[in-house]
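Participant: Here you go, one structure.
The values are calculated or read from the model by the stated rules, or taken from the named source; none is laboratory data. In this text, all values refer to a predicted model and were calculated from it rather than measured experimentally. Virtual Cβ from ideal backbone geometry, glycine too; neighbours counted across all protein chains shown. Ligands, DNA and RNA are stripped out before the accessible areas are found, and what is left, the full protein with its side chains, is counted by its heavy atoms. Shrake-Rupley method; radii C 1.70, N 1.55, O 1.52, S 1.80 Å.
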Amino acid sequence: MTGWRRSSSPHSLHSLHSLRTAATAAVCTATVAASLSGCGVLPGTTGGSRAPVTVMTFAPDETKATNMPGMPAMAQAFARYVNSRGGIDGHQLRVLTCNERNTSSGAAACARRAVRENAIAVVGSYSQHGRAFMAPLEAAGIPYIGGYGISDEEFTSYLSYPVNGGQAALLAGNGRQLADGCRKVSLVRPDTVAGDDLPVLLNAGLAEGNRKASSDIKAAEDSTEYSAKAEEALDDAGDENGCVTAVLGERTETFFDSFRRLREESGGDVRVSSVLSSVDQPLIDRTGGASGPFEGALMTGWYPNAGDERWGTMRNVIREHAFGDNRIDAADAGVQTTWIAYTVLKKVIETLDRPEITSGAVTHALDTGVRVDTGGLTPSLRWRYADMLGTQDFPRVVNRGVTFQVVRDGRLVAQREGFVNVTSTMRNAQSV
């Protein structure tokens, strides 16, 4: 989750940004090797006069905690897609993949490999260990484009270019969403330092709808059952238009399993809610769909629901270039984030229009205002200083849009059309 403890002031960020922009504009061109070795490399032909482009996507896989195998798999499918069409502006795309194993040492090892293999960017990746992976990338001048939005450094590092507003935007938006119909709200969240920030964001959203602050229920991240916390949440929400929202990452499913049994026994009609970094369509399907605990649930997400026609190109690419890879689910927020991140990379390379692409050229293009249209999957993206939120705790946020969704007949659908801008909510949370 995105905490607020390691913050940078907007003024110091601006100074770093100015110095880095001047430096990266003068970075020497690095020659990409004609061939790459090791597992996790997607080969491509090197015909034509334009040099191939090497990037990396990393995410945890086969661990006991959060796993995101669909993200590197989506990156590989994207490379097959663009390479089948002559590459990106004539550059064959080579994707290195790396398992960061949900450890700081694993994240650092992936970043060091990106440096060693002359990657021009790390794209569409997932890691909670921002401090471990950003330090090697910053030292080598390699930009981090479109991370999942789970670490502090994604919203503070001068080499990070986020495509969503992270956990902060989701919680702020969830408060706005729940304020419309919930008289009282119980928030179940991790009993951690990062978890301490979540009530502040949720309550800022509730306050904008003239609702009282939520009941703050702290829970262990690694519990195997949550009966006591579910009972506390149900009691605090009350019987009249009460709502319970839980943001426990992979343990959200475990909490709502406990909550469902308790709610059925009590005969109560409390509505449930969460955010789409903790609950997604695959989880809804896995827990029974329309007959499961999430039917009728309110959800706040970064992007349009998975059935939206704006995901059509991505679904076609998965069908035609993933070769039945069951790691990729088009409804997974990680897969969607990787798709958007590679859309950004493609636009930057096309804008540069040069025989060889370097990390310095990519960062300079992003810093000086390249605008990316994601086909309506996000608001238009641009990373100039003027486009950033600029607050102390999440200065690098450029996308403050969230979507309001609801589970109907077992499917996530739009509760409200379009994006909800949570800029004011995030700024108000800073002043609490």
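Participant: Just to confirm the number: angle between the C-alpha axis of helix 252-266 and the first principal axis of the chain, 0 to 90 degrees, nearest 10?
Facilitator: 20
Participant: Would you work out the relative contact order for the chain, in percent, from Cα pairs under 8 angstrom that are 6 or more residues apart?
Facilitator: On the way: 953 pairs, mean separation 90.0, N = 432.
Reported as a whole number, the value is 21 percent.
Participant: Could I ask something else about it? Please find, in a Gaussian network model of the chain (springs between Cα atoms separated by less than 10 Å), the residue of GLY165, GLY205, GLY410 whose mean-square fluctuation is greatest.
Facilitator: Comparing GLY165, GLY205, GLY410 in the GNM, the peak value goes to GLY410.
Participant: Could you give the nm distance between label points at GLU250 and ALA290, where each point is 7 Å from its Cα heading toward the beta carbon?
Facilitator: 3.2
Participant: What accessible area, in Å² to the nearest ten, does a 1.4 Å probe give for SER380?
Facilitator: SER380 exposes around 60 Å² with every protein chain in place.
Participant: Here is a follow-up. Picking from ILE340, ILE142, ILE88, which is most flexible by a Gaussian network model of the chain using Cα springs under 10 Å?
Facilitator: ILE88
Participant: Rounded to the nearest 500 deg cm²/dmol, what is the calculated helix-only ellipticity per residue at 222 nm for the chain, with -39500 (n - 2.57) per DSSP H run of length n ≥ 4?
Facilitator: Working: 13 runs with 157 residues, N = 432.
Value at 222 nm, helices only: -11500 deg cm²/dmol.
Participant: If you average 1/r over every pair of different alpha-carbon atoms in region 65-129 and take one over that average, what Kirkwood value in Å do you get? Provide the component values of the computation, followed by the final result.
Facilitator: Numbers: mean 1/r = 0.0782 Å⁻¹.
Roughly 12.8 Å, rounded to one decimal.
Participant: Could you tell me which GluC sites (Glu not before Pro) in region 331-432 are loop residues by DSSP with no more than 13 other beta carbons within 10 angstrom of their beta carbon?
Facilitator: On the way: sites: GLU350, GLU356, GLU417; in loops: GLU356, GLU417.
Within region 331-432, the qualifying GluC sites (Glu not before Pro) (loop, at most 13 other Cβ atoms within 10 Å) are GLU417.
Participant: How much accessible area does SER49 have with a 1.4 Å probe, in Å² rounded to the nearest 10?
Facilitator: The value for SER49 is about 110 Å².
Participant: For the chain, take the longest principal axis of its alpha carbons; what is the angle in degrees between that and the long axis of helix 312-321, to the nearest 10 within 0 to 90?
Facilitator: 60
Participant: Okay, moving on. Kirkwood Rh over Cα pairs of region 160-264 into Stokes-Einstein at 20 °C, 1.002 mPa s: D in µm²/s?
Facilitator: Details: Rh = 13.9 Å.
Roughly 154 µm²/s, to the nearest whole number.
Participant: Determine the order of ASP285, ASP197 by accessible area, beginning with the largest, at a probe radius of 1.4 Å. Present the calculation step by step, with values, prior to reporting the outcome.
Facilitator: On the way: ASP285 80, ASP197 5 Å².
Reading off the accessible areas and sorting them downward yields ASP285, ASP197.
Participant: Which part of region 179-195 falls in the paramagnetic zone of LYS212, meaning amide N under 13 Å from the point 7 Å along Cα-to-beta-carbon?
Facilitator: Under 13 Å, as judged by backbone N against the label point of LYS212, lie 183-186 of region 179-195.
Participant: So, one more: What is the Cα centroid distance between region 164-187 and region 234-269, reported in whole angstrom?
Facilitator: If we compute the Cα centre of each part, the gap is 16 Å.
Participant: Using DSSP to call loops (not H, G, I, E or B), can you name the trypsin sites (Lys or Arg not before Pro) in region 140-191 whose Cβ has at most 15 other Cβ atoms within 10 angstrom?
Facilitator: On the way: sites: ARG176, ARG183, LYS184; in loops: ARG183.
Qualifying residues, ordered by number: ARG183.
Participant: Using R₀ = 30 Å, calculate the FRET efficiency as 1/(1 + (r/R₀)^6) where r is the Cβ-Cβ separation of SER105 and ASP257; round to 0.05. Mind dumping the intermediate values first?
Facilitator: Values: r = 33 Å, r/R0 = 1.10.
For SER105 and ASP257, the calculated efficiency is 0.35.
Participant: Additional query: Mind checking the angle between helix 227-237 and the chain's longest principal axis? C-alpha axes, 0 to 90 degrees, to the nearest 10.
Facilitator: 70
Participant: Here is a follow-up. Can you give me the Kirkwood hydrodynamic radius for region 94-213, using every pair of distinct Cα atoms, in Å to one decimal? Walk me through the intermediate numbers first.
Facilitator: Details: mean 1/r = 0.0632 Å⁻¹.
Evaluated over region 94-213, this radius sits at 15.8 Å.
Participant: Shifting gears a bit: Over 19 Å, how big is the tail of the calculated P(r) for region 380-432, in percent of all Cα pairs?
Facilitator: Of all Cα-Cα distances in region 380-432, 43 percent exceed 19 Å.
Participant: Next up: Just the Cα atoms of region 274-429: what Rg and Dmax do they give in Å?
Facilitator: For region 274-429, the Cα radius of gyration and maximum Cα-Cα distance read 17.5, 55 Å.
Participant: HIS364 accessible area, nearest 10 Å², 1.4 Å probe?
Facilitator: Taking all protein chains as shown, HIS364 has close to 70 Å².
Participant: Then there is this: Where in region 217-305 are there GluC sites (Glu not before Pro) that are in a DSSP coil and have at most 13 other Cβ atoms within 10 angstrom of their Cβ?
Facilitator: The qualifying sites are GLU225, GLU240.
Participant: Return the Rg/Rh ratio of the chain with Cα-based radii and a Kirkwood Rh.
Facilitator: Working: Rg = 21.3 Å, Rh = 21.9 Å.
Across the chain, the Cα-based Rg/Rh ratio is 0.97.
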